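The structure appears right after this line, and notes come after that.
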Amino acid sequence: MDVEEYLRHDGLGLAHLVASGQVTAGELLEAARTRATAVNPAINALVAWLDEHADERVAGELSGPFAGVPFLLKDLHQDLAGTQSADGCRALADRKATGTDTVVQRWLDAGLVVFGKTNTPEFGSKGVTEPELFGPTRNPWDLARTPGGSSGGSAAAVAAGIVPVAAASDGGGSIRIPAACTGLVGLKPGRGLLPAGPVESEQFHGMATNGVISRTVRDSAAMLDALFGSEPTSPYVVETPRRPLADQLDDAPGALRIGYTTRCALREKPHPEAVRAVERSAELLTELGHHVEEVDPPHDDRRLGRDFLLMWFVKQAAEVQRIKRETGCGDEAFELDTLVMAALGRSTGAIALHEAQERRREHVAALAGFHDEFDLLMTPSLGEPPIEIGALDTPAALRAVVKGLLRTRTTRVLTLLGTVEQIVDNSLRWVPYTQLANITGRPAISLPLHRTDAGLPLGVQFVGPLQSEGLLLRLARQLEVAAPWTQPTPLVEAA
């Protein structure tokens, strides 16, 4: 199979070619590697090549809905025994996974051929993918801009045609943000539907989940079908769909009540492109027979953003401390921004952390109240078009100050200087819409319904109530048919 033919198919399409004997898994792997060799030097999406594992896979018998399809794992909490597990961190650059995570095993059971791992920011802690360990991943549609984060490597790989679908994860928007930046489909399933074990019970207090980024709705649906279900280490048993989600896609979603907003307390004024993205989507939805109505944001998004980051900082503090204890490394093994987050996490009192976690009930109640009246909430996926590489870099003068505070153990001054509020504004201002679904544990999807005049993707997000993954996918399929978003693969190899 030549690369041009390879690029014309989604994951299920490639699997059909293998199942019908028109192509072998080995030929697909060769096409994927050829494409990766051509484009990866420009976009820096792959950070590890798992050639021995992939060659063994295609030499054996493969079965499952994606049998023979090339696939990439995210290099963060998606361990495959004996392979790189760096989490974007210098301290872990040489670490090899000692076991295989359940979600990875389910991808293998689905017949996928894993041949690499994708770039991610250190510990997945940013909405851009620019780790010091591996360097920045670039957006195939504009190499000066980010593909988002933290699943930016996976999104760039799919957008550039290395694979039709790739592994991702989402703790604050890390599936939906990269999908929105690169013109792809990104579904974050609801809390607890997918496995996090066997090492962990659930990730980030249940606010994080695994998933995929894909070009087509049917690939996302079939992937979710393959991943559904609890395991012995899960905190609770989840109900799986009685009928596969992929089989439901052509069922009409019905006339839905959809409330939309572009307003956000973290931005004085919504970006014009974000407004256009939602308003044009509202027009399309109305044409399809849905009731669409502009609403006020159903929650206190500034409070939610601050609570989210406070819990995230504490998580980073625990992660840094654990790695120092296990490896014997010092501060030099971590990025400065990670050390700042960890310092802020250490300065957070137990009562403040508990209060932030307890306020999740308020955010859940606010969104549940909204869903009493509306089936879905629609927002932009991004606060603005994909930002330039380096846009979130800490200024040199501030870096010098922070290094001094870290060296003298006086980082509590950061709290007094309002650093948390500054980080909330700087980090979330361009991606303020996605954390709601993580805090509340609700499913949400980003769809590639808009492109700017400059040709940059800017997705539209839909947030549903509990167990609405099927509804989100049926609506997504309806929109995909009504306004097809398949775009020519960007010619990044010419860069």
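Values quoted throughout were computed directly from the atomic coordinates according to the rules given, and no laboratory measurement underlies them. These figures come from a predicted structure and were not determined experimentally. A quick note on method: Cβ atoms are made from the backbone with ideal geometry, for glycine too, and the neighbour counts reach across all protein chains shown.
Of THR118, ALA38, GLY64, which is farthest towards the positive pole of the stretch 1-146's charge dipole, taken about the Cα centre with +1 and -1 on the beta-carbons of Lys, Arg and Asp, Glu respectively?
Of the options given, the answer is THR118.
Please sort 379-389, 159-169 by packing, taking for each peptide the average over its residues of neighbouring beta carbons within 10 angstrom, highest first.
159-169, 379-389
In a shell of Cβ-Cβ distance under 14 Å around THR286, excluding THR286 itself, what net charge do Lys and Arg (+1) and Asp and Glu (-1) give?
With Lys, Arg at +1 and Asp, Glu at -1, the net is -3.
Among PHE462, PHE134, which comes first, second and so on when ranked by fewest other beta-carbon atoms within 10 Å?
Fewest-to-most ranking of PHE462, PHE134: PHE134, PHE462.
Calculate the translational D of the stretch 167-220 in whole µm² s⁻¹ from Stokes-Einstein, where the hydrodynamic radius comes from the Kirkwood formula applied to all Cα pairs, the temperature is 10 °C and the viscosity 1.306 mPa s.
After rounding, the answer is 140 µm²/s.
What is the extension gain from ARG407 to ARG263, computed as 0.36 nm multiplied by their sequence separation minus the C-alpha to C-alpha distance, in nm to one decimal?
On the way: separation 144, 0.36 × 144 = 51.84 nm, distance 4.05 nm.
Here the segment from ARG407 to ARG263 would lengthen by 47.8 nm.
Stick to the Cα atoms of the chain, pair each with every other, and give me the Kirkwood hydrodynamic radius in Å at one decimal.
22.5
Order by neighbour count: TYR433, TYR260, fewest other Cβ atoms within 10 Å first, most last.
TYR260, TYR433
Can you give me the relative contact order of the stretch 169-274 as a percent, contacts being Cα pairs under 8 Å and 6 or more apart?
Contact order relative to length: 23 percent.
Would you pull out the residues with amide H under 5 Å of VAL212's amide H, same chain only if 5 or more places away, H placed 1.01 Å from N?
Residues meeting the amide H criterion: ALA168, LEU187.
Note down the nm distance, to one decimal, between modelled labels 7 Å out along Cα→Cβ at ALA391 and at ALA19.
4.1
Sum up the charges of everything whose Cβ sits under 13 Å from the Cβ of ARG474, counting Lys and Arg as +1 and Asp and Glu as -1, but leave ARG474 out.
Working: positive: ARG218, ARG243, ARG477; negative: ASP247, ASP250, ASP251, ASP375, GLU469, GLU480.
Around ARG474, the surrounding residues sum to -3.
For the chain, what relative contact order do you get, as a whole percent, if you take Cα pairs closer than 8 Å and at least 6 residues apart?
Across the chain, relative contact order equals 17 percent.
Amide H of THR100: which non-local residues (sequence gap of 5 or more, or other chain) have their own amide H closer than 5 Å, using H built in the peptide plane?
The answer is ALA81.
Quick one: if you stick a label point 7 Å off each Cα along the C-beta vector at ARG361 and THR286, how many nm between them?
Going from the ARG361 label point to the THR286 one covers 4.1 nm.
Neighbour counts of other C-beta atoms within 10 Å: give me LYS269, LYS74 arranged from fewest to most.
LYS269, LYS74
I want the local charge near ARG276. Using Cβ-Cβ distances under 13 Å, sum +1 for each Lys or Arg and -1 for each Asp or Glu among the other residues. List each step's numbers first, then the result.
On the way: positive: ARG280, ARG451; negative: GLU273, GLU279, GLU283, GLU384, ASP453.
Counting the neighbours of ARG276, the net charge comes to -3.
Using the Karplus curve 6.51 cos²θ - 1.76 cosθ + 1.60 with θ = phi - 60°, what ³J(HN,Hα) values do you get for each residue of the stretch 113-125, in whole Hz, with x for Gly and Pro?
Ordered by residue, 3J(HN,Hα) equals 10, 7, 10, x, 10, 9, 5, 8, x, 3, 6, x, 8 Hz.
Take the alpha-carbon positions of the stretch 113-164, form their convex hull, and give its projected area averaged over all directions (one quarter of the hull surface) in nm². Walk me through the numbers on the way to the answer.
Numbers: hull surface 14.4 nm².
If I average the Cα hull's projected area over directions, I get 3.6 nm².
Per the Kirkwood treatment, what hydrodynamic radius in Å, one decimal, follows for the stretch 237-395 from the mean inverse distance over all distinct Cα pairs?
After inverting the mean inverse Cα-Cα distance, the result is 19.5 Å.
Please compare each pair in LYS74/LYS188; LYS96/LYS117; LYS117/LYS324; LYS74/LYS324 to a cut-off of 21 Å on the Cα-Cα distance and tell me which ones are over it.
LYS117/LYS324; LYS74/LYS324
Scan around VAL165 for amide H atoms under 5 Å from its own, H built in the peptide plane at 1.01 Å from N, and keep only partners 5 or more places away or cross-chain.
Amide H neighbours of VAL165, under 5 Å, 5+ apart: none.
Could you tell me the distance between the Cα centroids of the stretch 268-282 and the stretch 331-368, to the nearest Å?
First find each Cα centre; the distance between them is then 30 Å.
Using a 7 Å offset from the Cα along the Cα-to-Cβ direction at both VAL275 and ALA97, what is the distance between the two label points in nm, to one decimal?
Between VAL275 and ALA97, the simple spin-label model gives 4.5 nm.
At 0.36 nm per residue, and after removing the present C-alpha to C-alpha distance, how many nm does the segment from LEU7 to ALA59 gain when stretched out fully? Before the final figure, lay out the partial values.
Numbers: separation 52, 0.36 × 52 = 18.72 nm, distance 2.30 nm.
Answer, rounded to one decimal: 16.4 nm.
Could you calculate the contour length gain from ILE351 to GLU293, that is, 0.36 nm times the residue separation minus the distance between their Cα atoms, to one decimal place in nm? Walk me through the intermediate numbers first.
On the way: separation 58, 0.36 × 58 = 20.88 nm, distance 3.95 nm.
Using 0.36 nm per residue and subtracting the Cα-Cα distance, I get 16.9 nm.
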